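Below: one structure, written as structure tokens.
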Amino acid sequence: MDPWQNGKVGVGMQAMWSLHGLNRQPRTVPVRPDHSDHQGLSNVAPADAPLRTLLLPNADGGPVVQATSNVVEARIHDYISNLLFSISPTAFFQVNTLAAEKLYSLAGDWAGLGPDSLLFDICCGTGTIGLTLADRVGMLVGIEMNASAVSDAHRNAEINGIKNCRFVCAKAEDVIGSLLKEYLDVPQKEGEQLNASEIRDKDIATVEVNNGPMDDVLDCSKNPGHDLGNGEGASGHSENDGQEIQGQLQKSCTSKEGSTSMMHFKNVVAIVDPPRGGLHPTVIKVLRTHSRVRRLVYISCNPETLVANAIELCTPSPEKFEKGNGNRAWRKMSSAGLARHRTKSMPISEPFRPVKAMAVDLFPHTPHCELVMLLER
Ligand SMILES: C[S@@+](CC[C@H](N)C(=O)[O-])C[C@H]1O[C@@H](n2cnc3c(N)ncnc32)[C@H](O)[C@@H]1O
């Protein structure tokens, strides 16, 4: 396996930024030699690796200090499933791209995609999962809170000529309900169903390509919070910041060519790939209670939160709805215990059922592993 191809350079970049976060000057790092003769995995660049200076952003995102004339833009490029991805320094990208390719394609197979599918790629990062599956669906909607990653996703869609997609920069818990409503609560008129080729011909994509400042998307980079504790889900954000978010969503997502919400899709699928803390409770509730979402592929790097989220998605509704009683005993519960507790106050809804699961070893020789689980109803 070629260590340069599988994103080690990206890891080096990320680590360097955090190490030198307070002193952001251009730095010199080894880059991939044109004809690497590496065999096997290595974290060490060969001594004779060529050096290139990367342009690092200032902490405030302002102009960079240009120390030398031999400076290149700080972004890396990589291929997954024959698509080229351009990745900015703060965006997430799997380090093992060859294995990630397998992971995404497995998720796509399990998702049962087709031309009449509407795919929600939740926590989409630079658009990797959705874009690699875009030719198998009618429409792709990606949701991601990191503004740079969303900008990359736009760019990646454009680079690869993918048009049946839209990327929304927001916390999933803030927009998932509105997006599902927008796409799915459309009264269907007779003969209005479009097939994928018609959709593509109509060029309905809302690829709001924006390589400059993201002034037409919600700036969600200010409150990162990726790493979640206590099973509390994605950002630890309150359930809803109300109308402001709605207004921003409206602004960020309006199609240039007209509203995609007029399309009707028979098959509505979500692929979720949250950070270690799992999905925010609001996302779980919305996915579970929106009956048109029939299939959900959960990709996880943390089995504990995957199990907890699956409990909430799959436990049959209680006969009697119990409203939360403000009791703080949950503080001592395991994440699975907390999930079981939460199911008691889940609105009555058809549960998913776990169909199959597979571990994909993205991190050989480490205890970490990615897990994929298919839920259906
Ligand atoms: C494990 S990464 C997966 C990224 C992408 N699916 C991929 O495979 O490259 C998780 C992503 O979720 C994003 N994220 C974290 N919390 C989020 C939230 N509350 N809403 C939306 N995205 C979130 C992170 O910024 C990160 O890009």
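The values are calculated or read from the model by the stated rules, or taken from the named source; none is laboratory data. Keep in mind that this is a model prediction, so the values were computed, not measured. Cβ placement follows ideal geometry from the backbone for every residue including glycine, while neighbour counts extend to all protein chains displayed. These accessible areas exclude ligands, DNA and RNA; they are computed on the full protein's heavy atoms, side chains included. Shrake-Rupley method; radii C 1.70, N 1.55, O 1.52, S 1.80 Å.
Key figures
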read-out	value
Given (1) within 14 Å of the chain's Cα centre (by Cα); (2) assigned to a strand (DSSP E or B), number of the condition Y79 does not satisfy	(1)
Test for G130: is it within 16 Å of the ligand (Cβ to nearest atom) and either at pLDDT 95 or above or in contact with an Asp or Glu (Cβ under 8 Å, 6 or more places away or on another chain) (or both)	yes
Conditions (1) outside any loop (DSSP other than H, G, I, E, B); (2) within 20 Å of R292 (Cβ to Cβ); (3) open to solvent by 10 Å² or more (accessible area, probe 1.4 Å): number failed by P115	(1)
Top-ranked residue of the stretch 76-94 - restricted to ones that are open to solvent by 80 Å² or more (accessible area, probe 1.4 Å) and more than 12 Å from the ligand (Cβ to nearest atom), ranked as farthest from G161 (Cα to Cα)	H77
All positions within the stretch 82-116 that are among the small types (G, A, S) and within 17 Å of L140 (Cβ to Cβ)	S105, A107, G108, A111, G112, G114
